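The values are calculated or read from the model by the stated rules, or taken from the named source; none is laboratory data. As the structure is a computational prediction, the values presented were derived from the model and not from experiment. Every residue, glycine among them, receives a Cβ derived from its backbone with ideal geometry; neighbour counts consider all protein chains shown.
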2 protein chains.
Amino acid sequence: MHRDQQGGREIMTDLYELTMAASYFEQEKFAPATFSLFVREYPPNRSYLVCAGLDPLLNYLESFRFRPDDLEFLQKTSLFPDKFLTYLEKLRFTGDVRAIPEGRIAFCDEPLLEITAPVMQAQLVETFVINAINLSTLISTKASRCLYAAGDRRLVDFSLRRTHGMDAGLMVARASYIGGFIGTSNVQAGKFYGLPIYGTMAHSYVETFDQEIDSFRAFAKSFPDNTVLLIDTYDTLAGARKAVTVAQEMRKEGKTLRAVRLDSGDMVQLSKQVREIFDQSGFPEVRIFASGGFDEFKIQKILAAGAQIDAFGVGTRLGVSADAPYLNMAYKMVEYNGRPVLKLSSGKVSLAGPKQVFRQRDDQGLFKRDLIGLGDESVTDAEPLLMPVMKEGKRLLGSEPLAEIQLRFRKEFVQLPEIYKDLQGNPNYPVDTTSRLRALQDLVSKEIRQKELTEFE
Amino acid sequence: MHRDQQGGREIMTDLYELTMAASYFEQEKFAPATFSLFVREYPPNRSYLVCAGLDPLLNYLESFRFRPDDLEFLQKTSLFPDKFLTYLEKLRFTGDVRAIPEGRIAFCDEPLLEITAPVMQAQLVETFVINAINLSTLISTKASRCLYAAGDRRLVDFSLRRTHGMDAGLMVARASYIGGFIGTSNVQAGKFYGLPIYGTMAHSYVETFDQEIDSFRAFAKSFPDNTVLLIDTYDTLAGARKAVTVAQEMRKEGKTLRAVRLDSGDMVQLSKQVREIFDQSGFPEVRIFASGGFDEFKIQKILAAGAQIDAFGVGTRLGVSADAPYLNMAYKMVEYNGRPVLKLSSGKVSLAGPKQVFRQRDDQGLFKRDLIGLGDESVTDAEPLLMPVMKEGKRLLGSEPLAEIQLRFRKEFVQLPEIYKDLQGNPNYPVDTTSRLRALQDLVSKEIRQKELTEFE
């Protein structure tokens, strides 16, 4: 599809956001509402979340407006009165946003962000808000798990071909960098986010040459300062021996073979053998790069078995967060026109009122406990996590450099006790609620039961 | 992020496509190559694939060109010689494409499409080709499984908030429609693809009113001809009784309550009770619409238990294909400059030579067996599936209406024997190779082993 035919992103939304907006308009409901974004439950194997996706979301909110061709489409659906569509033409996002900064670690039930705006605005942005934060947070979290498994080895995002669309590829490159990756194969992400980009050759390149070794020589000639050779097209060990020949030829020219890449087979066995071939031939400096079906589980497993690998290309299973491809994330109204609200739907009860999240640490600075309280509470010896990031539709700060966000993540990750980093998950980090928040829940639930159920039970 | 800042889609690619291209350029390798796209193995629970994603891919190929700002970025990386970048400036896609049409059913190992073009072109489009076909085929297949589970009940795509980005939301809306859905909540997909759009209200709408029943009345007033009420915000059965009251009020005005929506709780029990409430109140025409965590498994389970549901909103688990979020799809070179090629990488052996897929049917017209043969073969009593769709960079036909593609799918799906539609999967549909293809494999493998391994083993 052509990007320029897609129109504005404001109608990248569920139809019900617009039908509700039309009804709010007809009912003259323009009072402020607060909505809260949170994750209901941990996906399999997870026990923490790495926040990501805020900056692109703030860009969206700041530039929110319906385009003429979108309004024309809405008009053609015959669902909406003209005066509502005229109103939409001038509509901008004028609300406030508080959020946990990108790169910080959060937990289930905690508001990751809260939006306070005239109800129609807060409602209309719902679909985009969830969409933007859900995938980024999912991927930053997955990336952090790969980082944990890889220790001090380097990780590169190789997922673009299997991400769910090209936008997802960009979001994955950005979010995996936040979660500790050193870069990506995604050229567009290099251009758009300034991320380091990596890549050398595929099997098809090798196959265009009459002999594998000719392809190695040709690539070394084209990229003498960044030669990484893919050696498994026909046979990994034969490929390694040919790479040694080329490394010797390069040395004579004053050049260095940087690395070889393994992409198939028994990575433990092959990496050890390839390491030995290079070491015994006098090339201990040649690095071994591995790709092919990696994720945190496979990385942990082969390193535990002694694989000799210096860096990993992590693709598909990172890019779709294969073992947990979505977060059960919700964006729920918690206050309307100053009145705290909640829903009582079975299994999906929400917490009323604007909130704050407080983090308590132990003597060593490790995370001890989080507390969810009301927005105007303060808790001694605890750090509030939600920060104001947008006021009346304007960002309070510019975009943060991604390297700074990664650094923030790395600092936090050190403070997360080891037991919660287990790849099988350990979802019992204590997240409590303050007594004031609990009292409000009880009060509001009781009022609603009385008002809504007595007559109709 | 802003769409207009993203630049051209040509650098939405892995860096290695460009480094290989630079080396092909330096080596003056401009000979034609054929690449073949196929799925290596069935994901869990699957035993067939519903082809989708071709039309957007052909649009991409037809408009392929590097934009000045992209070339400027590539120049800044210092990876590429200027004369290569000058060459890219004029580069267009001038190749041929043969493909299995969208909506048709295919199986693992079968080429879903083949591209023949000067090697650099065929190489540069790899990332986009896999990305475009992978997700669409995944989702059409998932949608067809929901259709199988739902029988004659209607299905609507509700996934946009949890798809991996907004582009994915568009692709999911399109692909799920191909796989038998009647429409989507995604407004942009309605505009862009002309798909029917659906949606009414969320819990937050209900909560902005002092009383739930007021929200029902207000919505009926705003949308008197399309009133669907969400009744589980506080208590589903109390909500149903309030909806009856509103239905009675609407009837006095000559209007009809169209449906109610259930979004939580025990769907079997609640749907039966809600059906009874409406039937006993004289509203047998009010439909019951259900949403909340549905996929093919949950649909099948609750219908088997007697749930009284007329239509389903299927969201997250469709939109990310939750039980199988990716296909192991590969795009491999099979011929270069008239010479058949393959790779022998452990577990990833590819089949040499351009190919055709042939389908054999039994007396009733049901699928009996598929045969993969060489591109110039013909097989009697079998239908060839790969059709020419692009010649020298130009599409041979315009975009097909999505309704026609859905119809093609529905016709094929009837011909797929029931055992392969089982939701737990039955991945043993016979896909054989012709003797000519096998002979070519043996020959090429033997040649490669001799040429590449003898000296270095």
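Values computed for the structure shown
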item	result
Verdict on A:ARG104 being surrounded by 19 or more Cβ atoms within 10 Å (Cβ to Cβ), under 27 Å from the mean Cα position of the chain (by Cα) and basic (Lys, Arg)	yes
All helices (runs of 4 or more DSSP H) inside the range A:182-222 with 2 or more residues being more than 7 Å from chain B (Cβ to nearest Cβ) and farther than 18 Å from A:ALA240 by Cβ	A:187-193
Some residue of the range B:86-100 being farther than 22 Å from B:LEU396 by Cβ, within 10 Å of chain A (Cβ to nearest Cβ) and crowded, with 19+ Cβ neighbours inside 10 Å	no
Only one of B:ALA259, B:ALA322, B:ALA352 that is among the small types (Gly, Ala, Ser) and more than 10 Å from every other protein chain (Cβ to nearest Cβ)	B:ALA259
All positions within the range A:307-341 that are in contact with a Lys or Arg (Cβ under 6 Å, 6 or more places away or on another chain), assigned to a loop (DSSP other than H, G, I, E, B) and either under 26 Å from A:MET171 (Cβ atoms) or modelled with pLDDT under 95 (or both)	A:SER321, A:TYR326, A:ASN328
Single condition B:LYS272 does not satisfy, out of (1) under 25 Å from the mean Cα position of the chain (by Cα); (2) part of a helix (DSSP H, G or I)	(1)
Selection status of B:ALA403, in the same structural domain as B:ARG98 (by TED's automatic domain parsing) and more than 21 Å from the chain's Cα centre (by Cα)	no
Output for the range B:65-85, where each listed residue is in contact with a Gly (Cβ under 8 Å, 6 or more places away or on another chain) and more than 12 Å from every other protein chain (Cβ to nearest Cβ)	B:ARG65
Index of the failed condition, B:ASP214 passing every other in (1) touching a Lys or Arg at 6+ places or on another chain (Cβ under 9 Å); (2) among the acidic types (Asp, Glu); (3) surrounded by fewer than 24 Cβ atoms within 10 Å (Cβ to Cβ); (4) at pLDDT 95 or above	(1)
Residues satisfying the stated conditions in the range A:229-246, i.e. facing chain B (nearest Cβ under 9 Å) and in contact (Cβ under 8 Å) with a residue 40 or more places away in the chain	A:LEU237
Unique residue being under 20 Å from B:ALA132 (Cα atoms), buried (at least 24 other Cβ atoms within 10 Å of the Cβ) and facing another protein chain (nearest Cβ under 9 Å) when the list is B:ASP167, B:ASP157	B:ASP167
When residues of the range A:10-62 are limited to those that are at positive phi and surrounded by fewer than 22 Cβ atoms within 10 Å (Cβ to Cβ), the one farthest from the other protein chains (Cβ to nearest Cβ)	A:ASN45
From B:THR256, B:THR227, B:THR200, B:THR208, residue being under 26 Å from A:GLU28 (Cα atoms), under 38 Å from the mean Cα position of the chain (by Cα) and surrounded by fewer than 20 Cβ atoms within 10 Å (Cβ to Cβ)	B:THR256
Residue under evaluation B:THR316, criteria (1) polar (S, T, N, Q); (2) within 14 Å of another protein chain (Cβ to nearest Cβ); (3) in contact with a strand residue (DSSP E or B) (Cβ under 6 Å, 6 or more places away or on another chain), criterion not met	(3)
Verdict on A:LYS355 being basic (Lys, Arg), more than 23 Å from A:TYR336 (Cα to Cα) and modelled with pLDDT of 95 or more	no
Qualifying residue in the range B:63-79 (condition: buried (at least 16 other Cβ atoms within 10 Å of the Cβ), within 29 Å of B:LYS142 (Cβ to Cβ) and among the aromatic types (Phe, Trp, Tyr))	no
Residue that is farthest from B:ASN134 (Cα to Cα), among those in the range A:170-187 that are surrounded by fewer than 24 Cβ atoms within 10 Å (Cβ to Cβ) and in contact with a Pro (Cβ under 9 Å, 6 or more places away or on another chain)	A:ILE182
Residue match in the range B:54-62 (condition: out of contact with any strand residue (DSSP E or B) (no Cβ under 9 Å at 6 or more places or on another chain) and polar (S, T, N, Q))	no
From A:LEU453, A:LEU437, A:LEU423, residue being within 14 Å of chain B (Cβ to nearest Cβ) and surrounded by 12 or more Cβ atoms within 10 Å (Cβ to Cβ)	A:LEU453
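This table checks each residue for (1) free of Cβ contacts under 8 Å to residues at least 60 places away in the same chain; (2) surrounded by 12 or more Cβ atoms within 10 Å (Cβ to Cβ).
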site: A:ARG361; (1), (2): yes, yes
site: A:THR380; (1), (2): yes, no
site: A:PRO384; (1), (2): yes, yes
site: A:ARG395; (1), (2): no, yes
site: A:PHE409; (1), (2): no, yes
site: A:PRO430; (1), (2): no, no
site: A:THR433; (1), (2): no, yes
